[in-house]
């Protein structure tokens, strides 16, 4: 029977408990997700003595805690690891405690103005302004020491009593007493249910994160070890995902559907079956990453417009027993590009995912059916000029433009190195370059939507981008003797008259037509039969 104990502790006592590893985190806790502005607001609330919510902790019996996968907040912040098992585990309040630790260690650079009592995240504007002091420094060195150092920098009459009082109040946020409820129970399932109930009442946890908590309950170590190991492995290959994506794939592979309500099917099968399902899912994920890198021309997650479009790929590759034929590869490429360009999962994502996942078993002819599902919404999958109009930052056609540019073995205009998002060295990193510089167009009265149009964007190295600066194309194309072949590989019209600022609109129209034509030619090569109504 669970028992609830109510108490309160000063923040510095809780922090000491974290440092001594007397308080830790169960695996059901998600990673740290607070944004810097939330950390600033927390410090300000503590300074003003506003209520900051309670902390819910769990005190399990010693024999229970030995078998749990645990995390340690303080160790993650750089403390010396302890072999000692914690006696209390944080169920709710991790984000606040981790945030305070980050402030204490200086990882979260929150500053305090002793004149206005305002709080702000550190930026270059605060440099050289002595009235702004580091909250971390006050908490670690103490108000008096910070004040004595500050007095020497101030060249104006000062109200010593007022300023010292404010710094002392800031230091005393460590004494802020936090209400704590301690749950006494040996039932981990009961604790997990409490965690889910607490977090499902607000918007702090999404459905996927609650699913992760349930997985941590039914298969200890999966989230904290296997998932994190996979995420680190993919990040090394320039594909940054999060646990929510992994749990989505895990569910889709096991149930053939994407919704987390199907999780109930998993919990009854036993730990061995769950582990086997993860092994199969991991194989599908590996296959998908390699397919993206080596077949689609997408070298990093930066170029993926729809993470949901990867889920059917993962499931498809777990079902595929024979090597991909050339026809299957082309059809799969056609589907993936089409689903990404036309925003297949941009609305009603789970409904459409379930439609697509349902046809992947067996995998034979499944890709053609996936394409047919796309065509139910977009009957004509040909790219038209109107679809290419718009801000490049929100344009779903940008990634395939990069893909086709790479298929043409396009080289950087200045270095001669083939374009790749995995090039080594800062000066060789790919940047999105305005062919007609924004500053130049702004002087001519063009609007932002025109300056940032997709057709005004080329892929160049950082080094090249710095050379161009504010020159118009006709100047830097000639000045740096850029070969026509390199321009054409990025669909730049080679009529020199179009390189002048006065002909910007004509240039955009011409280049847009070249891009459209090239995209359709490439897509037709992959699946000409799918391009018609």
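Can you tell me which residue in the range 217-238 is surrounded by the fewest Cβ atoms within 10 Å (Cβ to Cβ), limited to those that are over 19 Å from the mean Cα position of the chain (by Cα) and part of a helix (DSSP H, G or I)? Break it down into steps so the answer makes sense when it comes.
We begin by selecting, within the range 217-238, every residue over 19 Å from the mean Cα position of the chain (by Cα); these are 217-222, 225-226.
This time we only want the ones that are part of a helix (DSSP H, G or I), so: 217-218, 222, 225-226.
Numbers: 217: 20, 218: 17, 222: 22, 225: 12, 226: 16.
Selected residue: 225.
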Next item on the list: Tell me which of these residue 336 doesn't satisfy, since it passes every other one: (1) within 19 Å of residue 399 (Cβ to Cβ); (2) crowded, with 19+ Cβ neighbours inside 10 Å; (3) modelled with pLDDT under 95.
Entry: (3)
Next item on the list: Tell me, please, whether a residue that is at pLDDT 95 or above, within 19 Å of the chain's Cα centre (by Cα) and either crowded, with 21+ Cβ neighbours inside 10 Å or more than 21 Å from residue 227 (Cα to Cα) (or both) can be found in the range 268-281.
Entry: no
Notebook entry, point to check: Would it be correct to say that residue 515 is modelled with pLDDT of 95 or more, in contact with a strand residue (DSSP E or B) (Cβ under 7 Å, 6 or more places away or on another chain) and under 15 Å from residue 398 (Cα atoms)?
Noted result: no
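Residues are listed down the side, and each one gets a yes or a no for (1) part of a loop (DSSP other than H, G, I, E, B); (2) surrounded by fewer than 14 Cβ atoms within 10 Å (Cβ to Cβ); (3) over 37 Å from the mean Cα position of the chain (by Cα); (4) at pLDDT 75 or above:
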position	(1), (2), (3), (4)
164	no, no, yes, yes
173	no, no, no, yes
194	no, no, no, no
208	no, no, no, no
215	no, no, no, yes
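Does residue 352 qualify as being more than 21 Å from residue 255 (Cβ to Cβ), out of contact with any strand residue (DSSP E or B) (no Cβ under 6 Å at 6 or more places or on another chain) and assigned by TED's automatic domain parsing to the domain that holds residue 310?
It is false that residue 352 is more than 21 Å from residue 255 (Cβ to Cβ), out of contact with any strand residue (DSSP E or B) (no Cβ under 6 Å at 6 or more places or on another chain) and assigned by TED's automatic domain parsing to the domain that holds residue 310.
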Notebook entry, point to check: Does residue 96 meet the test of being assigned by TED's automatic domain parsing to the domain that holds residue 126, under 17 Å from residue 181 (Cα atoms), at pLDDT 90 or above and touching a strand residue (DSSP E or B) at 6+ places or on another chain (Cβ under 9 Å)?
Noted result: yes
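Confirm whether residue 241 is under 19 Å from residue 219 (Cα atoms), within 25 Å of the chain's Cα centre (by Cα), buried (at least 19 other Cβ atoms within 10 Å of the Cβ) and at pLDDT 90 or above. Spell out how you get there, then give the answer.
Working: under 19 Å from residue 219 (Cα atoms): no; within 25 Å of the chain's Cα centre (by Cα): yes; buried (at least 19 other Cβ atoms within 10 Å of the Cβ): yes; at pLDDT 90 or above: yes.
When the stated conditions are applied, residue 241 does not pass them.
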Checklist line | Condition broken by residue 133, with the remaining ones in (1) part of a strand (DSSP E or B); (2) out of contact with any helix residue (DSSP H, G or I) (no Cβ under 9 Å at 6 or more places or on another chain) satisfied | finding: (2)
Note to self: Condition first: out of contact with any helix residue (DSSP H, G or I) (no Cβ under 9 Å at 6 or more places or on another chain) and part of a loop (DSSP other than H, G, I, E, B). Now tell me which residues in the range 1-58 satisfy that.
What the structure shows: 1, 35, 48, 54
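State the number of residues belonging to the range 487-502 that are crowded, with 16+ Cβ neighbours inside 10 Å and part of a helix (DSSP H, G or I). If you could, list the steps in order and put the result at the bottom.
Within the range 487-502, the subset crowded, with 16+ Cβ neighbours inside 10 Å is 487, 489-493, 498-499, 501.
Subsequent filtering for residues that are part of a helix (DSSP H, G or I) retains 487, 498-499, 501.
Qualifying residue count, the range 487-502: 4.
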Note to self: Filter the range 465-482 down to the residues that are part of a loop (DSSP other than H, G, I, E, B) and in contact (Cβ under 8 Å) with a residue 24 or more places away in the chain and list them by number.
What the structure shows: 469, 470, 471, 472, 480, 482
Check: Given the conditions (1) closer than 27 Å to residue 530 by Cβ; (2) within 21 Å of the chain's Cα centre (by Cα); (3) surrounded by fewer than 21 Cβ atoms within 10 Å (Cβ to Cβ), which single one is not true for residue 286?
Finding: (1)
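The values are calculated or read from the model by the stated rules, or taken from the named source; none is laboratory data. Owing to the predicted nature of the structure, the values given are computational and were not obtained by experimental measurement. Heads up, the Cβs are rebuilt from the backbone with ideal geometry, glycines too, and the neighbour counts pull from every protein chain shown.
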